[in-house]
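Have a look at the structure below before the remarks.
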Amino acid sequence: MPGKPIDVTLELAPKARFDVVELRTRFADEHEALSAFPHCLYWSSHTTAGFLDRSLAARLSPEHIPAYLEAFRTFFPEGAGYEHDRLDRRDDLDPAQRAVEPKNADSHLAFIASGLRSCVKHPNRAGEAVCFVDLDGVVDGRPRKRLARMIGFRTERLVAKTRIEVPVSAHPIDSINLKDPRLGLYDQLASFVTTAGVEKGRLRIDLDPVERHSALTVNEFETLLMKYDLAEVLRNPVRFAAEKYRHALANPRAVPGKALGYAKYDFVRVMNMGLDTLGLRGSLIEKVIARTMAVPAARFFRMRRSVSLLVSDRPDGTSGIVEGTYQSPILVQWQRAPRQTRVLDVTLSEIS
């Protein structure tokens with residue numbers, strides 16, 4: 001019998017801005033070292049790189065995952081006039097940061113819409129592919145340093161449960177940073193983990209079943225990204241795809257004929273064009289995307305009614321909720337809540 005869970009840090013160097021790495025193949029030796037453990041938790045420290053939920057990944061299979069993500073990248077083209085990319089308006093950046101900050105709003109939005117997650121659980125077996133998806137891996141020709149963790153373990157047991165209420169605004173479209181110190185919710189979650197005495201495990205946050213027209217994600221809570229760009233997506237999912245091609249359409253001879261279809265500004269037509277371009281019409285990919293997006297805003301976030309946060313060793317030597325530099329759990333809504341709060345069910349599990 002193996003001993004305590006083994007925690008391994010993986011360092012990746014993306015080959016392209018959009019890159020999909022099958023971790024079991026790339027890090028075969030590390031997986032072999034954990035072969036005695038039947039389960040693995042995988043965690044990404046980034047907001048534009050992570051993992052698909054296992055159930056969706058299993059339906060797609062590794063060879064279809066790039067095509068699935070490419071469809072979302074069609075909806076969020078690079079350089080489509082995002083507010084997040086207007087670095088001169090970013091109050092969170094000092095001059096030095098502004099000089100090197102990537103313009104990557106499209107990557108954040110594709111991460112959220114496609115259902116990418118920062119923390120997932122997989123069986124640890126040879127036939128179980130685990131894909132690390134990077135949507136912003138190369139900037140100005142230079143690969144970014146990407147870090148992920150893999151924790152092999154035997155069992156996972158429920159330790160504690162709690163419920164929290166998140167105050168939301170009366171606006172139909174809104175996003176709430178659960179780490180906002182004014183709410184005190186993240187401190188409450190951290191205290192919940194500390195009191196339970198869990199050193200390794202995961203904190204799962206679920207929207208209560210009664211909650212509708214809302215979702216959860218882990219991403220960067222930057223004001224322009226969340227309050228402007230994401231809000232635009234919730235109002236009109238093809239807003240930025242349309243913007244990308246608006247100027248090109250002013251000169252139709254300069255672009256391929258198929259690009260003229262974007263002038264329709266119609267969600268279904270844009271989706272179908274992307275599928276045609278990928279040669280995926282009538283495929284499993286089309287069926288998955290159609291189910292995900294049949295009702296634009298609601299289905300966009302259908303896969304994101306829960307998020308998991310890793311609980312493990314942190315750089316300061318303590319145990320607790322592990323978070324990347326820019327990661328925040330975020331509650332999103334696209335219709336008004338019946339009351340001005342939304343209920344979250346929180347469960348803490350321990351792995352051993």
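The values are calculated or read from the model by the stated rules, or taken from the named source; none is laboratory data. Computed from a predicted model, the values in this text were never measured in an experiment. A quick note on method: Cβ atoms are made from the backbone with ideal geometry, for glycine too, and the neighbour counts reach across all protein chains shown.
Gly81: out of contact with any strand residue (DSSP E or B) (no Cβ under 7 Å at 6 or more places or on another chain) and of a type outside the set (A, V, I, L, M), yes or no? Taking the combined requirement at face value, the residue satisfies it.
Taken over region 109-143, the criterion of being farther than 24 Å from Arg204 by Cα and not hydrophobic (A, V, I, L, M, F, W, C) is satisfied by Gly127, Asp136, Gly137, Asp140, Gly141, Arg142, Pro143.
Does Ala105 fit the bill of being within 19 Å of Gly324 (Cα to Cα), under 18 Å from the mean Cα position of the chain (by Cα) and surrounded by 13 or more Cβ atoms within 10 Å (Cβ to Cβ)? The answer is yes for Ala105.
Looking only at region 63-86, residues that are of a type outside the set (Asp, Glu) and exposed (fewer than 15 other Cβ atoms within 10 Å of the Cβ) come to 2 in all. Within region 194-213, the set of residues being within 30 Å of Thr318 (Cα to Cα), part of a loop (DSSP other than H, G, I, E, B) and β-branched (Val, Ile, Thr) comprises just one member, Val198. Pick from region 21-52 the residues that are in contact with a strand residue (DSSP E or B) (Cβ under 6 Å, 6 or more places away or on another chain) and among the acidic types (Asp, Glu): which of them is farthest from Leu109 (Cα to Cα)? If we take residues in region 21-52 being in contact with a strand residue (DSSP E or B) (Cβ under 6 Å, 6 or more places away or on another chain) and among the acidic types (Asp, Glu), then Glu30 is farthest from Leu109 (Cα to Cα). Of everything in region 161-178 that is in contact with a Phe, Trp or Tyr (Cβ under 7 Å, 6 or more places away or on another chain) and buried (at least 16 other Cβ atoms within 10 Å of the Cβ), the residue that is nearest to Lys121 (Cα to Cα) is Leu178. Being of a type in the set (Val, Ile, Thr) and touching a Gly at 6+ places or on another chain (Cβ under 9 Å) is the filter here, so list the residues in region 175-197 that pass it. Answer for region 175-197, where residues must be of a type in the set (Val, Ile, Thr) and touching a Gly at 6+ places or on another chain (Cβ under 9 Å): Val193, Thr194. Of the strands (runs of 3 or more DSSP E) lying entirely inside region 1-115, those containing at least 1 residues that are touching a helix residue (DSSP H, G or I) at 6+ places or on another chain (Cβ under 6 Å) span 6-12, 19-22. Among the residues here, Ser114 qualifies as buried (at least 17 other Cβ atoms within 10 Å of the Cβ), on the phi < 0 side of the Ramachandran plot, at pLDDT below 95 and of a type outside the set (Lys, Arg).
A residue that is modelled with pLDDT of 95 or more, within 30 Å of Val210 (Cα to Cα) and among the hydrophobic types (A, V, I, L, M, F, W, C) occurs nowhere in region 122-135. Contact map, region 322-333: first residue over 16 Å from Leu183 (Cα atoms), second residue in a strand (DSSP E or B) and of a type in the set (S, T, N, Q), Cβ cut-off under 7 Å, separation 6 or more or different chains; pairs are Val322/Ser312; Gln333/Ser214. Taken over region 301-352, residues that are assigned to a strand (DSSP E or B) and of a type in the set (S, T, N, Q) amount to 9. Scanning region 12-49 for residues that are in contact with a Lys or Arg (Cβ under 8 Å, 6 or more places away or on another chain) and either more than 13 Å from Lys145 (Cα to Cα) or charged (D, E, K, R) (or both) gives Phe18, His31, Phe37, Pro38, His39, Cys40, Leu41, Tyr42, Trp43.
Could you go through region 1-10 and let me know if any residue there is more than 12 Å from Gly152 (Cβ to Cβ), in contact with a Pro (Cβ under 7 Å, 6 or more places away or on another chain) and modelled with pLDDT under 95. There is no residue in region 1-10 that is more than 12 Å from Gly152 (Cβ to Cβ), in contact with a Pro (Cβ under 7 Å, 6 or more places away or on another chain) and modelled with pLDDT under 95.
When Met150 is tested against (1) in a strand (DSSP E or B); (2) under 14 Å from Leu348 (Cα atoms); (3) under 22 Å from the mean Cα position of the chain (by Cα), exactly one condition is not met: (2). If you go through region 159-193 and pick out every residue that is aliphatic (A, V, I, L, M) and part of a helix (DSSP H, G or I), you end up with 4.
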